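The values are calculated or read from the model by the stated rules, or taken from the named source; none is laboratory data. Since the model is a prediction, treat every value here as computed from it, not as a measurement. With ideal geometry, Cβ positions are generated from the backbone for all residues, glycine too; neighbour counts draw on all protein chains shown. For the accessible areas, the whole protein counts, side chains as well, though only heavy atoms, and no ligand, DNA or RNA atoms are used. Shrake-Rupley method; radii C 1.70, N 1.55, O 1.52, S 1.80 Å.
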Amino acid sequence: LAQQRLLIKGGKVVNDDCSVVADVYVEDGVVQQVGPNLNPEPPAGLVVLDATNKLVIPGGIDTHTHMQFPFMGSRSKDDFYTGTKAAIAGGTTMIIDFAIPQKGCSLIEAFDTWKSWADPKVCCDYALHVAVTWWSNKVKEEMKSLVQNKGVNSFKMFMAYKDIYMVNDEELYAAFSCCKELGAVAQVHAENGELIAQGAKKMLAMGITGPEGHELCRPEEVEAEATQRAIIIANAVNCPLFVVHVMSKSAARVISNARREGKVVYGEPIAASLGTDGTNYWNKDWAHAAAYVMGPPLRPDPSTPGFLMNLLANDDLSVTGTDNCTFDICQKALGKDDFTKIPNGVNGVEDRMSVIWEKGVYSGKMDENRFVAVTSTNAAKIFNLYPKKGRIAVGSDADIVIWDPQATRTISAKTHHQANNFNIFEGMICHGVPVATVSRGKVVYEGGAFNVTAGEGKYVSRPPFPPYVYKRVRQREQV
């Protein structure tokens, strides 16, 4: 199967910097030629895909997923098989998931555990960020080993989830310093965990137990404050910072201002924050409201998604993930009498590309090239996968999507491929649909039909010191 020869004919090849009408010829999972009127020999055994009047784009890279994640007394519904299968259907050909150790536990063991879950199941390529949930010399040594031996170049620190994953400022400083030495990208879940803990007590004491309490106890300021603090600490050690799931206007403004001041910081809005809002927490139907519970929460200000999309379009925000962490209605019901017990997480891995096309490109906020940048190329550059991933060029991995900008689809739990029984984008009509997905040179999804086998995806090692991120950092060190 890996030897499949493939010719994509007549489409417009869209990269982050230019678009050109060209054919794409693929052999052994790698792009061999890009140009007009290609006629590779011999014609026997050649698979031809007609992309006339369609766009040929690099496969999406979802920078933030949690497949089969044991969390808040449950485990997320999408495992590495259903999750990556759904990803392929949506035009995403690579996910970056998170290996998350408990406090006091080994980072390397967490990495090995997650990899053992993923390897037999993945339908597309994947990589793993690793979380730093506590600090010691052992953690420092393990970070070094993960970078040098396991192909990890990003570490995530939680500023929230007090007593579970949260680290304090001193630990953040140490972890950021270590990331910089190793050439890794530091990531933060930016929310003030102390304020959330106090706010939750206050809400429950007032008798507010429903999903709206989740947003009320962790308002925007809590996200903005932690974002600001993380940027200041990272800047103090000259470490590049990646802020995951940017959910609010105020946190986005903090990132935007920091970038204008020349700080090396990247913001990641997600499909949920770009495609829906937090007014749903006040829905009279408890199950509907609970479906949207995630941390940080979606914001009740309905102009937030458009605001975030504008910032994404003009490079104040850099990439898009999903934080895909699905829990069904029964799992969410663990918190029916106490919002702090509702498992946090929403869907998105299948719908991210269409939601961003609809809200970004179809609405006129961004062009097709910027779309490719924010769904694929920038992620590949930041996490040192470029130009193997995130680009269609000779020598690149053949992770390619044929995208029909004219076609429409209506998002629904009835038709999606995720393992969950609801969809937070239910009923949204999206212009822009993936009609075929190619992973490592194999057509894995076409016209609604899959051609995948569990375990076909590969773990992708990421070298340290991504030039896109570290060129400025290294120069500043010298200066």
Identity of the residue in region 43-53, assigned to a loop (DSSP other than H, G, I, E, B) and open to solvent by 10 Å² or more (accessible area, probe 1.4 Å), that ends up farthest from R370 (Cα to Cα): A44
Complete set of residues in region 166-179 that are open to solvent by less than 30 Å² (accessible area, probe 1.4 Å) and under 24 Å from the mean Cα position of the chain (by Cα): V167, L172, A175, F176, C178, C179
Scan of region 117-165 for residues that are open to solvent by less than 10 Å² (accessible area, probe 1.4 Å), more than 25 Å from G295 (Cβ to Cβ) and hydroxyl-bearing (S, T, Y), ordered by number: none
Which numbered condition Q102 fails, given (1) in contact (Cβ under 8 Å) with a residue 24 or more places away in the chain; (2) within 21 Å of the chain's Cα centre (by Cα): (2)
Among the residues listed as H416, H431, the single one being over 18 Å from the mean Cα position of the chain (by Cα) and assigned to a strand (DSSP E or B): H431
Breaking point among (1) among the hydrophobic types (A, V, I, L, M, F, W, C); (2) without any contact (Cβ under 8 Å) to a residue 40 or more places away in the chain; (3) surrounded by fewer than 23 Cβ atoms within 10 Å (Cβ to Cβ), for L107: (3)
Single unsatisfied condition, K201 versus (1) open to solvent by less than 10 Å² (accessible area, probe 1.4 Å); (2) charged (D, E, K, R); (3) part of a helix (DSSP H, G or I): (1)
Cβ pairs under 9 Å, 6+ apart, first in region 316-335 and in a loop (DSSP other than H, G, I, E, B), second aliphatic (A, V, I, L, M) and open to solvent by 10 Å² or more (accessible area, probe 1.4 Å): L317/L311; T326/A419; F327/M72; F327/L334; D328/A419
Hey, P300 surrounded by fewer than 24 Cβ atoms within 10 Å (Cβ to Cβ), part of a loop (DSSP other than H, G, I, E, B) and free of Cβ contacts under 8 Å to residues at least 40 places away in the same chain or not: no
Wholly enclosed strands (runs of 3 or more DSSP E) of region 84-198 bearing at least 2 residues of a type in the set (F, W, Y): 154-158
Failed item, numbered, when H416 is tested on (1) of a type outside the set (A, V, I, L, M, F, W, C); (2) more than 27 Å from V21 (Cα to Cα); (3) in contact with a Gly (Cβ under 8 Å, 6 or more places away or on another chain): (3)
Residue among Y25, Y81 that alone is out of contact with any Phe, Trp or Tyr (no Cβ under 6 Å at 6 or more places or on another chain), aromatic (F, W, Y) and not in a strand (DSSP E or B): Y81
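Name the one entry in T437, T453 that is crowded, with 23+ Cβ neighbours inside 10 Å, more than 30 Å from V293 (Cβ to Cβ) and among the hydroxyl-bearing types (S, T, Y).
After ruling out the rest, the residue left standing is T437.
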Where Q418 falls short, out of the listed (1) touching a Leu at 6+ places or on another chain (Cβ under 8 Å); (2) more than 14 Å from G59 (Cα to Cα); (3) buried (at least 18 other Cβ atoms within 10 Å of the Cβ); (4) not aliphatic (A, V, I, L, M): (1)
Any pair with Cβ under 9 angstrom, 6 or more apart, that starts in region 111-125 at a residue that is among the basic types (K, R) and ends at one that is part of a helix (DSSP H, G or I): K121/F80; K121/Y81; K121/T82; K121/G83; K121/T84
Which listed residue is open to solvent by less than 10 Å² (accessible area, probe 1.4 Å) and either among the basic types (K, R) or out of contact with any strand residue (DSSP E or B) (no Cβ under 9 Å at 6 or more places or on another chain) (or both), from A290, A271: A290
Residues within region 370-397 that are open to solvent by 30 Å² or more (accessible area, probe 1.4 Å) and assigned to a helix (DSSP H, G or I), tallied: 2
Failed item in (1) in contact with a Lys or Arg (Cβ under 6 Å, 6 or more places away or on another chain); (2) buried (at least 24 other Cβ atoms within 10 Å of the Cβ), with A226 passing the rest: (1)
Selected residue [open to solvent by 10 Å² or more (accessible area, probe 1.4 Å), among the β-branched types (V, I, T) and assigned to a strand (DSSP E or B)] from V13, V56, V20: V20
Residues that are in a loop (DSSP other than H, G, I, E, B), touching a Pro at 6+ places or on another chain (Cβ under 9 Å) and either open to solvent by 30 Å² or more (accessible area, probe 1.4 Å) or under 13 Å from R299 (Cβ atoms) (or both), drawn from region 237-262: M247, S248
